[in-house]
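**Q** One structure, as structure tokens, below. Some questions next.
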Amino acid sequence: MRRAIVPALALGATLACGRGHDAPSVEDATPPAALSAAQLGYLEFQKVGEAATPDVANLAGTIDFDDERTARLNAVVPGRVAELLVQVGDRVEADQPLVALESPEVKGAQAEYVRAEADLTVARKASERAARLKEVQAISEKDFVQATEDAQKAAAEFERARAVLERLRVAPGDGTTHYLLRSPVAGTVVERKAVLGTEVTPENAEPLVVVSDLSRVKVSVRVPERQLGLVRSGQAVRVRVDAYPDDFPGEVATVGAVVDDTTRTVVARCLVPNPDQRLKPAMFARVTLRAPADSRLLSVPVDAVVSDGQRSQVVVRAPDGTLALRPVDLGAEVDGHVQILSGVVLGDEIVTRGALFAARALERS
């Protein structure tokens, strides 16, 4: 059975305990064939109530980098670390160089560009000469076509060589053999694994540099399975850490789709603005998921629900006093009450004490 949190005071204000004044008395009820009047007298009834949706409070969380604003950078070409251009803690702008790599690929790309440019010049001149000879019918059609195709191929090779230099962010003809690893985002250098003289390749497992915009952080919290009915994307949250007396507002970004078999929890990821960068990755936090304003939920006492592990039911008393089993879908549970998603409506009268006894009697009848 899934369970949810409903504060006792809130429920006490909305749910009538025991036999409410509006409930028909046991003497007035017509007992079903399965229950005698004496057996019916053992039961207690309560109307399905409505309460304010509660907060899900005091969840353990961890501050982490916002993945959407974090770049983990590795070499895109093989090479050797030739120069370190930033330190951990430095603020950097987007496109700022972080590490210079001495790379044979850059040298090879420069040479290929020069060769392709020269080949294109020769091929274009040959094509122009063939065009003039064709005008005076001094060249065969085959040789003219060949010269034209050679020029087209040379142009394609030149464009390919130029595209390689553009990818490497190297200007044609500047003679450099360095590749500059640049930051795609503005932020803070939070990690630097690059070491002078180290040989690196694009297949390296660890990033050379990590840059993150810490003006927003992610908080990962584990929500108990029984409280999932009270959590949704876009929900407001409040985050507290031991370092500061005040709390930090944010919202739920995503709710995980898988329940952890060991902890019976689901990870919810929250995004929290952090303009002063007081929240630091790896900090422990306590998180409260705030209930939406004016949201209400139907709830019944946990003891009113009869479950066989596959389906859940409650025993409902009709206005004429007869009893019947009704299947229900359950949501979150808190403080001895469980949220009802479907199956009963506000004001339905259900058995609270003796629900299991009544259910078994009805099943036998």
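**Q** How much length is gained on full extension from F284 to K142, taking 0.36 nm per residue of separation minus their Cα-Cα distance?
**A** Details: separation 142, 0.36 × 142 = 51.12 nm, distance 7.66 nm.
Going from the current span to full extension adds 43.5 nm.
**Q** Would you please state which residues of segment 60-86 a label at T198 would reach in this model, taking the label point 7 Å out along Cα→Cβ and a backbone N cut-off of under 20 Å?
**A** The answer is 71-86.
**Q** Could you work out how far helix 355-364 tilts from the main Cα principal axis of the chain, as a 0 to 90 degree angle to the nearest 10?
**A** Roughly 80 degrees between the two axes.
**Q** How far apart, in nm, are the 7 Å Cα→Cβ label points at R264 and E206?
**A** 4.0
**Q** Shifting gears a bit: Taking amide hydrogens as modeled 1.01 Å from N in the peptide plane, which residues meet the under 5 Å criterion relative to S183, leaving out close sequence neighbours?
**A** D95, Q96, L98
**Q** Please list, ordered by chain and number, the residues whose modelled amide H lies under 5 Å from the amide H of D66; skip anything fewer than 5 residues away on the same chain.
**A** K218
**Q** Which is farthest toward the positive dipole end of the chain among G250, G173, I63, measuring Cα position about the Cα centre, with Cβ charges +1 (Lys, Arg) and -1 (Asp, Glu)?
**A** Final value for the positive-end residue is I63.
**Q** Hand me the GluC sites (Glu not before Pro) from segment 177-259 located in a DSSP loop with no more than 14 other Cβ atoms within 10 Å, in residue order please.
**A** Values: sites: E191, E199, E203, E225, E251; in loops: E203.
Answer in residue order: E203.
**Q** Work out from phi, with θ = phi - 60° and the Karplus expression 6.51 cos²θ - 1.76 cosθ + 1.60, the ³J(HN,Hα) of each residue of segment 54-59, listed in order in whole Hz, and give x for Gly and Pro.
**A** x, 6, 9, 10, 6, 8
**Q** Work out from phi, with θ = phi - 60° and the Karplus expression 6.51 cos²θ - 1.76 cosθ + 1.60, the ³J(HN,Hα) of each residue of segment 116-132, listed in order in whole Hz, and give x for Gly and Pro.
**A** Here the 3J(HN,Hα) series is 5, 5, 5, 4, 5, 4, 5, 5, 5, 5, 5, 5, 5, 5, 5, 5, 5 Hz.
**Q** Report D for segment 104-167 in µm² per second (integer): Stokes-Einstein, Kirkwood Rh on Cα pairs, 37 °C, 0.692 mPa s.
**A** On the way: Rh = 12.6 Å.
Answer from the Stokes-Einstein relation: 261 µm²/s.
**Q** Applying the Karplus parametrisation 6.51 cos²θ - 1.76 cosθ + 1.60 with θ = phi - 60° to the phi angles of segment 63-71, what ³J(HN,Hα) value in whole Hz is obtained for each residue in order, glycine and proline being reported as x?
**A** For segment 63-71, the Karplus curve yields 6, 9, 5, 7, 4, 6, 10, 10, 10 Hz.
**Q** For every other residue with a beta carbon closer than 15 angstrom to the beta carbon of V258, add +1 if it is Lys or Arg and -1 if Asp or Glu, then tell me the sum. List each step's numbers first, then the result.
**A** Details: positive: R222, R264, R269; negative: E225, D260, D261.
Taking every Cβ under 15 Å from that of V258, the sum is 0.
**Q** So if we plug the beta-carbon distance of L341 and A94 into 1/(1 + (r/R0)^6) with R0 = 45 Å, what FRET efficiency do we get, rounded to 0.05? Could you put the intermediate results ahead of the total?
**A** Working: r = 47 Å, r/R0 = 1.04.
About 0.45, to the nearest 0.05.
**Q** Could you state the orientation-averaged shadow area of the convex hull built on the Cα atoms of the chain, in nm² to one decimal? Spell out each step's value before the answer.
**A** Numbers: hull surface 128.5 nm².
Computed as one quarter of the Cα hull surface, the answer is 32.1 nm².
**Q** Let me ask something else about it. Amide H neighbours of A75 under 5 Å, counting only residues 5+ apart in sequence or on other chains, H built in-plane at 1.01 Å?
**A** L208
**Q** Please work out the FRET efficiency for the pair A257 and E135, using the Cβ-Cβ distance as r and a Förster radius of 56 Å; give the result to the nearest 0.05. Mind dumping the intermediate values first?
**A** Working: r = 71 Å, r/R0 = 1.27.
After rounding, the FRET efficiency stands at 0.20.
Values quoted throughout were computed directly from the atomic coordinates according to the rules given, and no laboratory measurement underlies them. This structure is a prediction, so every number in the text was calculated from the model and none was measured. All Cβ positions, glycine included, derive from the backbone under ideal geometry; neighbour counts span all protein chains shown.
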